[in-house]
Amino acid sequence: MHILPELPYDKNSLNPVITEEGFDYHHGKHHNAYVTNLNKLTSDNEMADWDLKTIIKHSFTNQQTGLFNNAAQHFNHSFYWDCLSPNGGGSPTGEIAEMINRDFGGFEQFKTQFSDTAAKLFGSGWAWLVLNKEGKLEIQPLKDAHTPITADLNPLLTLDVWEHAYYIDHRNQRPRFIEGFWDIVNWDFANINLNGK
Ligand code: MN
């Protein structure tokens with residue numbers, strides 16, 4: 001049984017980037033629907049006691065698209081909520097700051113490249129910061145429900161750029177939403193993900 005996680009902060013605390021109404025829909029309806037669908041697809045078969053990552057990898061390999069989409073979206077959203085924080089934003093700190101300097105030449109260069117990737121992703125998808133197999137940081141635009149864990153990459157941060165992620169609070173202005181992300185991005189979570197590898 002998969003469970004919708006509680007948001008790790010108050011629904012009003014990321015205003016105006018994401019408002020309470022934005023969370024009511026994105027977390028309370030969209031994410032919740034993925035969890036409900038995932039449970040319908042897994043509760044009465046051998047997958048009932050599989051962990052989420054195993055279901056994602058298995059359904060990806062076997063091209064069980066409906067199952068993959070719901071399982072991956074549950075993982076992606078659960079991860080995404082932790083990428084945001086009312087205490088976030090500003091320049092990166094700790095090890096992630098050093099790695100961004102090393103692999104992108106500085107925070108401003110990284111920010112521009114990540115923002116461009118998120119803005120140019122056509123249709124629905126996610127902009128990811130991952131640690132690749134060579135131990136370097138990499139920005140990846142992934143369409144729809146796709147997720148770095150099917151390639152065994154270590155996700156560090158993500159930004160949801162599906163229209164449902166910003167339409168309530170920013171209408172069609174995806175670039176404004178992306179700009180707001182830099183005010184709430186959770187560098188502590190990125191550092192935890194680096195060290196939890
Ligand atoms: Mn979403």
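The values are calculated or read from the model by the stated rules, or taken from the named source; none is laboratory data. Being a predicted model, the structure only gives us computed values, none of them experimental. Neighbour counts run over all protein chains shown; Cβ positions are idealised from the backbone, glycine included. Keep in mind that these areas ignore ligands, DNA and RNA; they rest on the heavy atoms of the full protein, side chains included. Shrake-Rupley method; radii C 1.70, N 1.55, O 1.52, S 1.80 Å.
The table below lists the values:
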| item | result |
| --- | --- |
| Number of the exception - Leu121 against (1) touching a strand residue (DSSP E or B) at 6+ places or on another chain (Cβ under 9 Å); (2) closer than 23 Å to Gln64 by Cβ; (3) in contact (Cβ under 8 Å) with a residue 40 or more places away in the chain | (2) |
| Any pair with Cβ under 7 angstrom, 6 or more apart, that starts in segment 18-46 at a residue that is without any contact (Cβ under 8 Å) to a residue 24 or more places away in the chain and over 24 Å from Gly89 (Cβ atoms) and ends at one that is in a loop (DSSP other than H, G, I, E, B) and of a type outside the set (A, V, I, L, M) | none |
| Pairs where the first residue, in segment 63-91, is aliphatic (A, V, I, L, M) and the second is open to solvent by 10 Å² or more (accessible area, probe 1.4 Å) and away from the ligand (no atom under 16 Å from the Cβ), C-beta under 7 Å, 6+ apart | Leu67/Leu41; Ala71/Leu52; Leu84/Asn186 |
| Out of Ser59, Ser91, sole residue that is on the phi < 0 side of the Ramachandran plot, among the hydroxyl-bearing types (Ser, Thr, Tyr), open to solvent by 60 Å² or more (accessible area, probe 1.4 Å) and in contact with a helix residue (DSSP H, G or I) (Cβ under 9 Å, 6 or more places away or on another chain) | Ser91 |
| Residue in segment 155-167 that is more than 12 Å from the chain's Cα centre (by Cα) and more than 16 Å from the ligand (Cβ to nearest atom) present | no |
| Helices (runs of 4 or more DSSP H) within segment 1-116 that include 3 or more residues more than 19 Å from His146 (Cα to Cα), β-branched (Val, Ile, Thr) and within 16 Å of the ligand (Cβ to nearest atom) | none |
